[in-house]
Amino acid sequence: QVQLVESGGGLVQPGGSLRLSCAASGSIFSRNVMGWYRQAPGKQRELVAAITAGGTITYADSVKGRFTISRGSGRNTVYLQMNNLKPDDTAVYYCRRQTGTDDDWGQGTQVTVSS
């Protein structure tokens, strides 16, 4: 009943920046955990960043200091500001929303970092 739609992916040069957005539609429950995951070809999907309803934030070690996760004022929109992008950041990025009863994923958006 909830759809997550990512946007903002694309092709960027090393050292560049992108801002990913994830917007939830449908019936929304505000007490949730929002996260960004990524999966590169041949690799497992991994957590990039997550933010709880209380504002606790977790980052993967590989993106600390470069990526920032944040919520919009409506709390069911989440952003991922990605700075100083590296080729190893190339992956499909997925938005995830978790509540006590639901676990929803977006369709993914491709991020390619290449010169």
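The values are calculated or read from the model by the stated rules, or taken from the named source; none is laboratory data. Just so it is clear, the model here is predicted, and its values are computed rather than measured. Ligands, DNA and RNA are stripped out before the accessible areas are found, and what is left, the full protein with its side chains, is counted by its heavy atoms. Shrake-Rupley method; radii C 1.70, N 1.55, O 1.52, S 1.80 Å.
Rounded, prolate or oblate: which one fits region 74-115, using the alpha carbon gyration tensor with axes a ≥ b ≥ c (rounded when a/c is under 1.5, else prolate when a/b beats b/c, else oblate)? Walk me through the intermediate numbers first.
Working: a/c = 3.51, a/b = 2.12, b/c = 1.65.
It is prolate, given that a/c is not under 1.5 and a/b is the larger ratio.
With every protein chain kept in place and ligands, DNA and RNA left out, what is the accessible area per residue of the chain? Probe 1.4 Å, answer in Å².
52
Rounded to the nearest percent, how much of the accessible area of the chain (1.4 Å probe, protein heavy atoms only) is carbon and sulfur?
46
Please work out the Cα center distance from region 5-28 to region 57-115, rounded to the nearest Å.
8
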